[in-house]
Structures are given as C-alpha cells and as structure tokens.
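The values are calculated or read from the model by the stated rules, or taken from the named source; none is laboratory data. Because the structure is predicted, anything quoted here is derived from the model rather than measured. Reconstructed Cβ throughout: ideal geometry from the backbone, glycine too, with neighbour counts over all protein chains shown.
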Amino acid sequence: MGGMVYTSLDTTKLSTAECYGLALCELGREHPEIVALTADLAKSTKIGMFGKEFPDRFYNLGIAEQNMFGVAAGLAKNGLVAFASTFAIFAAARSLDQIHTDIAYMNVPVKIIGTHAGTSFGQAGSTHHCLIDLSVMRSLPNFTVINPCDGAETFHAVKAAYDIPGPVYIRINRGFDQVIYPNVQDVPFEWDKATTMKEGNDLTIIACGSCVFESMQASRMMKADADLGVRVLNMHTIKPIDKEAIIKAIDETGVIVTAEDHVTQGGLGSAVAEVIAEYGKPCKFKMLGHDNSFSTIGLQEDLLAMAGIDANGICNTVSELIGVDFDTELSWADEY
Amino acid sequence: MPADYKPFDKQEWLRLEKKANDLRHLTVQTVSWGGSGHIGGGMSALDALTILYHRFMKLDPNDPDWPDRDRFVLSKGHAAIAYAPVLVDYGYMPESELRIFNLTGAKIGMHLDCNKVKGCDVSTGSLGHGLSLGVGIALAARQNKKDYMVYVMTGDGELNEGSNWEAAMSAAQFKLSNVVVLVDNNKLMIDGEVKDEMNIEPVDEKFRTFGFDVLRIDGHNMKELNDAIEKAIANHQNGGTKPTAIIMDTVKGEGIDFIAGDYTWHYGSFSDEMFEKAHASLDAYYQKRVARAEKEG
C-alpha cells in the first residue's frame, strides 16, 4: 500500500482507534475532499488526529450526534467524503433516523466509525456498550458493514471505506485489541472476502471483531486436545457477507459456529444463518453472542466469558454440538 | 442573486403574485391527480417557495447539479404537494411526472426523493432533519470555495423536534451567514394548535437566543418576504457572521376559504365539488392579492 510506513512495533503499541486515526490521516493527505466530524469525542475516538493535521476539514459538533450525522450527509451530498465518529451506540441507536434517511436513503459517502463497540467499554456498562449495531446497520440499504478484528485490520478497513462507494459503517473496540496481525503490511484484507485465519475440515467457526482472537484460541485448543481441524473464518465484513466462504464451510466441514460480541438477534450469526438456510444443505449450526440480553459492568474479557464467547465458551459449545469432550482446564494461556 | 435581478417594484410584485396564483392552482390540481395531499401546509408554504424560486435563487433547470446553484431544503418534507409543482413548473421535470403524483412507481410523491426528483437537493420527510442538512451543505460551500445561499424551510410544529436546536446551535457556531431558515409558522399541527399541544413561541426569541438574526413577517405578503430575504442575502454578502431566521406568520390552507386555518386539513382529499370550490376560492383570493399589490406596490 502506498504511504504505509508502520512497522510491527508500531501496531503492537497502538490502540485500535489510533490505527483508525493514522489511516484517516493518510487518506486525508491523499484525498483533499475528505472531511471529518465528531460529537465531542475527538480524543476518545481518535478522529481528533485528523483534526490536528487538517483543522480546516474537521468539525466538532458538540454533544449532538443527530445533528452531526445530518451535517455529514449535507457535506457528502455536495462533493465531500465525510468520516464521522462517535461511540457505536450513539450512532446506531441515538442517530438512527438521521443515518436511515439522510445517509442510507440519499446514498451519500458518509463513513461512520463507531468506536467502543461490543462490550469493549467494559466498566461503562450497558448504556455505553453496543450490542445492536450490526443488526441495525446491516438492515439499512446501501450500507457496507465491517467489524475488524484488531488495529492492523482496522487500518485496512478504514482505507477501504474510502474506496467503497456509498455509506460505510465500521465498528471498532475501545482500547487495545489482542494483536492478531503484528505487522500492518501483512494483513491479507480484501474488504468483501472473509479471511481464513486457520484451516480445518472438521468444523468452522465464523467470527468477527473481538471473537476472532477467541476463535483462533479455541481452534488451537481443540487441535491440541482432540486433534480437531477447526477452520476459523474472520468475517470482518458482515454486509455484503462472503456467501462463497460460508457455502464452502458447509460443504467441507458440515458444522458451523458463529461468535460475535453482539446480540445473537440479527448480527453476524443471523447473516450466516440466512446463507445456510437459503443454501438448503443440512448443517449443524450454533450462534454464540449475547442472547437477547444486555451486558453488565465488568472487564471485557470477563464479559466475553460470561456470554460464552471466549475461547473456553466456544470450546464448550462445540463440545455439546458435536459430542466431543475437551479438557477445557487446559491452560489456554499457554497458547499466547 | 440571479443575474437578471430587478428591484421589487409594482410590476415585479404583480409578476410574483401571478406566479404564486398559478402555483396554488397547480398544487390543488396535483391533489386532484394524486387523490389526496398535505394541502394545508402546502398552501401556507407557497408564497415563500414562489419568491425563492422566481426571484432569489440562482438555478439552472437544465443543469440541476450546477455546483454554484443556491440550495433549498424542504425540512417540512410533507409540503412536497406544493414543492413538486414548483419544481415541475420551473422546468426540472415534465408535467407528466406530476400527473402521476403519489401513484405506484411515480418519481414524485408525498415526500421527495432527491435521487429521483431533479432539482430537489435533499430527501426529506422525517421532521427535524433539514437544518442539519442545510448546515452541512453550507459548510460544503466553504470546503468547495463556492458562494451559494442555503434556504431551509421548516414547519412550526416541526420545531418541537430537538434536533432542530442542535442544528441551530451549529449554524451559529460555524457563523453560517449563508444559511436562511424560513419558519412556516402556520400555528397548526396534526392534532391541533401548536400553542395548545407543544408551544414553540416565542419562536423569534428562541432563534435570536440561538445566535440568529431574526426577522418576523407576514408570510403571505410578497413585499415583506422580499425585504426579509433581501436583508438576509445582504447580511451574508456584507460579511455578516450570523445565520438568519425568517419567521413567516402564515395560515394553513391559505387561499382556500373552506380549509384555511382548520387544523383538520393537514392532509386530505377533495370531492369534485370541493375542487371547483377550491379553484374558485383561489381566484377570489388572487384578486385580493392583486388589489394589495396595486395599492401598496
């Protein structure tokens, strides 16, 4: 990629949002029509990095998210490409009417980066967690929806968002994600194709965001404990979803488990289920996530465990699904 | 201002009255073609629409996306029953499109889709969105080094939506003197009178407090409309730093005597007999308007 100067050292030291900020600054240097907007979250979402470099192309709307998205749509309808950032929940919930009518319906290039997604704002609790955005945003016509798995992949997703026509929604986590790609130059990111993180033909875990790392851990554990070949698909793009990769998984593995830091109603699992149902071939299937429930206050790793979407939880589900016992007392920490 | 801008004399006033009358009749005709429509709030908006499109806005119907054009946002999107006739009459789309208003598959309907209706700058319908869009469009003028005006028409009941006031704050914060909000203050909403349901008065004071230059006028008086819009444009051209709000005191259903001022005529349809009465009422109303222009012009 042109202009990429970051090393493995850089990405391991950067929060996911900082990777977003760096990508946006790079885009800003290449494309003068890019503008950026936030609603008093320039620092938290890291869109402020763009604001520092391009103060004349940056707007802080104050604590007024609905107005921010309307203003972004007005800019985008008149030749600008608008990146807008707030916490994911204040985009997908508070501002949905503006996103629906001003952005999706008008089909304008507003690129929404919702930060602090899933349970990543752990101790802030359910008012600041966002477990509904994948369902909401993927139901909007014209939108592309992406949930990268770490900072380096976020960098690529943000760069891709500029090239993808029309509106884009990217959900990213607060703080530091587990590093899956230490070197941003080695991310095999094609925005409309799932990435195969691990090969295997016994079953497939399809995951996005935080759950990609957990699924890779689970895959290692099941290989070590029961010699199971567990394929892991990183379905970073939930819409349009990579049907081909899902159908291949049905044909080659016959068992699919989905994992997402999101409710199981309408998100990644539902998107995969739609493909399975339409394909019509029998396939063992289980959706993991927050099942019709709000999250609670706590550290994200605890909240993932409580929802059964950490590595141990995923192993337990697979065990029930295919009738194989794992010794889940194995220390998966050794797998780091 | 358009290149052929003329002083507002009696001749100009009468020209605008004639155009407004034609558009009122065409709006009633559109209700007939579509079978029903938001007739009340359409008629209260029509004088402002007429003077904007036929006196002030820089536009080219042959080039709807002309980057230097002035922009218009119908935040009270349901007034499309009056706005669509304005656009069709202006030459953006053929009358045949208006004849199928609201029918299945039509490009033009109850709330306009800017991706289908030429000359329509943004899609509206959900209330409380237009001023935010207008702020974005005005900021785009800065980014693109253009100098156009952005006119946003809101309803008065619509101002109950809090998003308007988020947008108003930002218009003032960003010193968008090219933004002109026109409040169609017809004092009625679907369920009754604004003052009884959720009062927005003193609406002029509210906008003033939010950082606007505010003018309050009779929204059915072409001279007052002219002077207010001229003042707003002059404010922008002379380096003003505030957006302008023009509070237009209007009457819902203006010109059609049997619906004027009646909140139950937010939306409706006419019988054949009522259409005849409506056109007759508009003719009589036009005579009064001409008489005023003749006397005061």
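For the range B:26-46, the condition of being under 26 Å from B:K145 (Cβ atoms) and either modelled with pLDDT of 95 or more or out of contact with any Phe, Trp or Tyr (no Cβ under 8 Å at 6 or more places or on another chain) (or both) holds for none of the residues. Might you check whether a residue that is of a type outside the set (D, E, K, R), under 19 Å from B:I81 (Cα atoms) and out of contact with any strand residue (DSSP E or B) (no Cβ under 8 Å at 6 or more places or on another chain) occurs anywhere in the range B:245-253? Within the range B:245-253, one or more residues are of a type outside the set (D, E, K, R), under 19 Å from B:I81 (Cα atoms) and out of contact with any strand residue (DSSP E or B) (no Cβ under 8 Å at 6 or more places or on another chain).
For the range B:126-156, the tally of residues that are touching a Gly at 6+ places or on another chain (Cβ under 6 Å) and closer than 13 Å to B:N178 by Cα stands at 4.
Every residue, every condition in (1) more than 24 Å from B:R216 (Cβ to Cβ); (2) part of a loop (DSSP other than H, G, I, E, B); (3) of a type outside the set (D, E, K, R), yes or no:
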| site | (1), (2), (3) |
| --- | --- |
| B:A245 | no, no, yes |
| B:M248 | no, no, yes |
| B:D257 | yes, yes, no |
| B:T264 | yes, no, yes |
| B:Q287 | yes, no, yes |
| B:V290 | yes, no, yes |
| B:E294 | yes, no, no |
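Whenever a residue of the range A:300-313 is assigned to a loop (DSSP other than H, G, I, E, B), its partners that are modelled with pLDDT of 95 or more, lying with C-beta atoms within less than 6 angstrom and at least six residues away or across chains, give the pairs A:A307/A:H290; A:G308/A:L288; A:I309/A:C211; A:I309/A:A259; A:I309/A:L288; A:D310/A:E214; A:D310/A:L304.
Residue under question is A:K77, and the condition is that it be surrounded by fewer than 24 Cβ atoms within 10 Å (Cβ to Cβ), modelled with pLDDT of 95 or more and basic (K, R); does it hold? Even if it seems obvious, please write down each step before you answer.
On the way: surrounded by fewer than 24 Cβ atoms within 10 Å (Cβ to Cβ): no; modelled with pLDDT of 95 or more: yes; basic (K, R): yes.
Taking the combined requirement at face value, the residue does not satisfy it.
Candidates in the range A:24-57 are the residues that are within 12 Å of chain B (Cβ to nearest Cβ) and over 25 Å from the mean Cα position of the chain (by Cα); of these, the one that is farthest from B:E161 (Cα to Cα) is A:P32. Scanning the range A:83-99 finds no residues that are without any contact (Cβ under 8 Å) to a residue 12 or more places away in the chain, within 14 Å of another protein chain (Cβ to nearest Cβ) and either surrounded by fewer than 24 Cβ atoms within 10 Å (Cβ to Cβ) or assigned to a loop (DSSP other than H, G, I, E, B) (or both).
Determine if the range A:113-127 includes at least one residue that is over 28 Å from A:D310 (Cβ atoms), in contact (Cβ under 8 Å) with a residue 60 or more places away in the chain and outside any helix (DSSP H, G or I).
Taking every residue of the range A:113-127 in turn, none turns out to be over 28 Å from A:D310 (Cβ atoms), in contact (Cβ under 8 Å) with a residue 60 or more places away in the chain and outside any helix (DSSP H, G or I).
Restricting the range B:262-289 to residues that are small (G, A, S) and farther than 21 Å from B:E17 by Cβ leaves a set whose member that is surrounded by the fewest Cβ atoms within 10 Å (Cβ to Cβ) is B:S271.
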